[in-house]
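Inspection log for the structure reproduced underneath, given as structure tokens.
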Amino acid sequence: MKQFIEKIVAENDFKAERLLAVLRAVQAEYYHIPDTAIDLISQQLKLQRSQIISVVEFYSFLHLSPRGRYDILFSDSITDQMLDKQNLMQYMAEQLKLNIGEVRSDGLASLDNTSCTGMCDQGPAALINGYALPCLTNEKIDQIVSLIEQQRTLSEWPAELFQVEDNIYKADMLLDQAINPGEALNATFKRGLTATLEEMQHSKLRGRGGAGFDTSMKWQFCCNEPEQERYVICNADEGEPGTFKDRVLLNSYADQVIEGMTVCAAIIGAKQGFIYLRAEYLHLHSALQAVLNSRREKNLLGENICQQDIDFDIEICLGAGAYICGEESALIESLEGKRGIPRNRPPYPVTQGYKNKPTVVDNVETFMAAAKIAVIGGHKFANTGTAKSTGTKLLSISGDCQTGVYEYAFGVTVKDILVDCKAEDVLGVQIGGPSGSFISNQEFDRKIAFEDLATGGSFIVFNNSRNILDIVKNFTHFFAHESCGFCTPCRVGTSLLRKQLDKITDGHGSSGDVVELEQLCQLVNNYSHCGLGQTAANPILTTLQRYPELYQQQLKEISYEPGFDLDASLETARRMAERDDANAHLTQVEQ
Ligand SMILES: Cc1cc2nc3c(=O)[nH]c(=O)nc-3n(C[C@H](O)[C@H](O)[C@H](O)COP(=O)(O)O)c2cc1C
Ligand code: SF4
């Protein structure tokens, strides 16, 4: 083990900020992070043991006790559940002769759930040792179990099992006319860096990761900083359940995304960039690395890019299973080798980001669009879409319809989208993932645009056979699972929301419970530290508003389960929220 760890640490240049990469390698080799490994890493990277353990405990894909040599995680997105994932998983458990959530006694296999793996267009999906297994069926499970029992290495498995499709059904400005490698950079250098930033302003491009901040303004703020050491980060964490369009861009349009990052680097004067790739997209890693190498060979990355006085290179950093790491400041913490806990903001990353230096963090699609703007100019880009939402939006469409990626000019109505994706008998659409809004079939004239329905791209269709409360339950469990635990209103609040909602949907709630549920929602949304907690109650709030009768139908006048005192828990959470006393009372409430 000593030799292995020395090798891995050396490959990571003995840098403490590469801790996650080191731990990922140890996990892959030993199926957990053994205690001896922690000692060795601690010596080699000069980190406290406690610090390393806290990082291991934070990320879902790192473990202190051994997982199976074949570690299978079923995606638990609502769309996987709609595709009968639970029965498939049970079937696999029976075939492997183990229980869900357990490691088999001979250590060969383990089976568990994980949050959405970004395959909602080709579910039910799972991961095996981090690699995606889409479109699972009973037959495929038989095949997989047989390969596991024969202990065949993954490289020997039939490639079809790992075949991930793009599923692009509608292409517009970005997907239809991808630029050639170097086109945006040549246009940028010909026009000049300042003039290209002006084109970005004319384009009115807004970030595609969800918040919709003006991209040129972000880049300008970064340029304004006196500090010269600057960074560019591509946020490829794509953890919002129902979203997968960044996966498609990184699979088939990586050159253009990387070109967008390079244009940004040239403008802001960054020499180093990172692609923070979610762990669930491990299957994309080697192809992305190949694109980076090919661009280095073409002088589109590295030193004196396109014979200009510009040096810039990019490193790919894999996450380790934490939705919160999509939040830009948590992502930066993770890149620095720490737990992904969101920072206080301000200061924003543009002033103090990676290593506290000015940093631009943008979504994959934002960089893709930026490269396009560098080629066609800002005004032409702004001719598409609406006045406040220019250009096009990639939607990841899943659920009860033809699932895949669709590109639309901003301003398209939900109704038109539903026709294109062949959705019928629609009950509603969840737009923007669990943190977004549930749109009922009375509201399908509404538009995809920042001024109406803003979205990072998740668009989940539900037909009338679906039960809205099942959906809300799935989303509420997701937030409780993904809360990073840093602040009390979210950590305690999301778990109380889950308990309270389960109680009502299980038929054990009273009308007073619904009132308390709503109060708890307000508390979590209003007092949480970051965007996760601030939106965690949205699925309940939006459905309580639109479908109060659904909650009423579940009610039964009975007393609370023994041992669970909701009033006391609520009061404690409220007091802690008011005092912002994050940690002291956690154990009290959780017990
Ligand atoms: C809980 C949470 C998760 C997020 N996940 C992502 C993500 O997976 N991808 C992304 O681009 N932005 C995500 N964001 C938004 C980022 O914090 C940030 O706004 C974005 O990367 C900025 O890029 P843009 O301006 O190009 O949209 C998330 C925000 C929150 C609060
Ligand atoms: S709101 Fe939730 S996810 Fe955000 S910092 Fe607090 S505990 Fe972490």
Q: Could you pull out the residue among 439, 373 that is farther than 29 Å from residue 230 by Cβ and open to solvent by less than 10 Å² (accessible area, probe 1.4 Å)?
A: 439
Q.
Among the residues of the stretch 387-402, are any aliphatic (A, V, I, L, M), farther than 28 Å from residue 204 by Cβ and outside any helix (DSSP H, G or I)?
A. no
Q: Mind counting the residues in the stretch 236-246 that are away from ligand 2 (no atom under 16 Å from the Cβ) and not in a helix (DSSP H, G or I)?
A: 5
**Q.** Selection within the stretch 1-59 - at positive phi and out of contact with any Pro (no Cβ under 9 Å at 6 or more places or on another chain)
**A.** 13, 14, 46
Q) Inside the stretch 296-317, can you point out the residues that are within 24 Å of residue 46 (Cα to Cα) and more than 16 Å from ligand 1 (Cβ to nearest atom)? A) 315
Q. Quick one: in the stretch 10-28, which of the residues that are without any contact (Cβ under 8 Å) to a residue 24 or more places away in the chain and part of a loop (DSSP other than H, G, I, E, B) is nearest to residue 130 (Cα to Cα)?
A. 12
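Only one of 409, 369, 320 is within 13 Å of ligand 1 (Cβ to nearest atom), in contact (Cβ under 8 Å) with a residue 12 or more places away in the chain and of a type in the set (A, V, I, L, M, F, W, C). Can you tell me which?
Sole residue among the options that is within 13 Å of ligand 1 (Cβ to nearest atom), in contact (Cβ under 8 Å) with a residue 12 or more places away in the chain and of a type in the set (A, V, I, L, M, F, W, C): 369.
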(Q) Could you tell me how many of the residues in the stretch 168-207 are open to solvent by 50 Å² or more (accessible area, probe 1.4 Å) and either within 16 Å of ligand 1 (Cβ to nearest atom) or on the phi > 0 side of the Ramachandran plot (or both)? (A) 3
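Based on this model, can you work out whether residue 545 counts as modelled with pLDDT under 95, of a type outside the set (Val, Ile, Thr), assigned to a helix (DSSP H, G or I) and within 28 Å of residue 466 (Cβ to Cβ)? Before the answer, list the steps.
On the way: modelled with pLDDT under 95: yes; of a type outside the set (Val, Ile, Thr): yes; assigned to a helix (DSSP H, G or I): yes; within 28 Å of residue 466 (Cβ to Cβ): yes.
It is true that residue 545 is modelled with pLDDT under 95, of a type outside the set (Val, Ile, Thr), assigned to a helix (DSSP H, G or I) and within 28 Å of residue 466 (Cβ to Cβ).
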Q. Only one residue in 333, 328, 297, 303 is touching a residue at least 40 places away in the same chain (Cβ under 8 Å) and charged (D, E, K, R). Which one?
A. 328
Q. In contact (Cβ under 8 Å) with a residue 60 or more places away in the chain and more than 24 Å from the chain's Cα centre (by Cα), is that true of residue 107?
A. yes
Q: Give the residue that is nearest to residue 59 (Cα to Cα), with candidates limited to residues of the stretch 78-108 that are of a type in the set (Asp, Glu) and in a helix (DSSP H, G or I).
A: 80
Q: Being open to solvent by 40 Å² or more (accessible area, probe 1.4 Å) and either within 15 Å of ligand 1 (Cβ to nearest atom) or not β-branched (Val, Ile, Thr) (or both) is the filter here, so list the residues in the stretch 482-530 that pass it.
A: 486, 498, 499, 506, 508, 511, 518, 519, 522, 526, 527, 529
Q: Of the conditions (1) more than 29 Å from residue 22 (Cβ to Cβ); (2) outside any loop (DSSP other than H, G, I, E, B); (3) away from ligand 1 (no atom under 11 Å from the Cβ), residue 285 clears all except one; give me its number.
A: (1)
Q.
Can you report the number of residues in the stretch 29-70 which are under 22 Å from the mean Cα position of the chain (by Cα) and part of a helix (DSSP H, G or I)?
A. 5
Q: Could you grab me the full set of residues in the stretch 29-64 that are β-branched (Val, Ile, Thr) and touching a residue at least 40 places away in the same chain (Cβ under 8 Å)?
A: 55
Q. What do you reckon, is residue 390 in contact (Cβ under 8 Å) with a residue 12 or more places away in the chain, of a type in the set (S, T, N, Q) and within 17 Å of residue 270 (Cα to Cα)?
A. no
Q. Does the stretch 1-19 hold any residues that are open to solvent by less than 10 Å² (accessible area, probe 1.4 Å) and either touching a strand residue (DSSP E or B) at 6+ places or on another chain (Cβ under 7 Å) or among the aromatic types (Phe, Trp, Tyr) (or both), and which are they?
A. none
Q: Within the stretch 471-481, work out how many residues are away from ligand 1 (no atom under 16 Å from the Cβ) and either at pLDDT below 95 or open to solvent by less than 40 Å² (accessible area, probe 1.4 Å) (or both).
A: 3
Q. Out of (1) buried (at least 18 other Cβ atoms within 10 Å of the Cβ); (2) more than 15 Å from ligand 1 (Cβ to nearest atom); (3) assigned to a helix (DSSP H, G or I), what's the single condition that is false for residue 332?
A. (2)
Q. In the stretch 336-364, which residues are out of contact with any helix residue (DSSP H, G or I) (no Cβ under 6 Å at 6 or more places or on another chain), open to solvent by less than 10 Å² (accessible area, probe 1.4 Å) and either near ligand 1 (Cβ under 10 Å from one of its atoms) or more than 30 Å from residue 186 (Cα to Cα) (or both)?
A. 362
Q.
For the stretch 421-436: of the residues being over 18 Å from residue 540 (Cα atoms) and either within 16 Å of ligand 2 (Cβ to nearest atom) or hydrophobic (A, V, I, L, M, F, W, C) (or both), which is surrounded by the fewest Cβ atoms within 10 Å (Cβ to Cβ)?
A. 423
(Q) For the stretch 555-572, give me each residue that is open to solvent by less than 50 Å² (accessible area, probe 1.4 Å) and either part of a loop (DSSP other than H, G, I, E, B) or at pLDDT 95 or above (or both). (A) 555, 564
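The values are calculated or read from the model by the stated rules, or taken from the named source; none is laboratory data. Note that the coordinates shown come from a computational prediction; the quantities given were computed from them, not determined experimentally. Quick reminder, even Gly has a Cβ in these numbers, built from the backbone with ideal geometry, and neighbours come from all protein chains shown. Heads up: the accessible areas ignore ligands, DNA and RNA and are worked out on the full protein's heavy atoms, side chains in. Shrake-Rupley method; radii C 1.70, N 1.55, O 1.52, S 1.80 Å.
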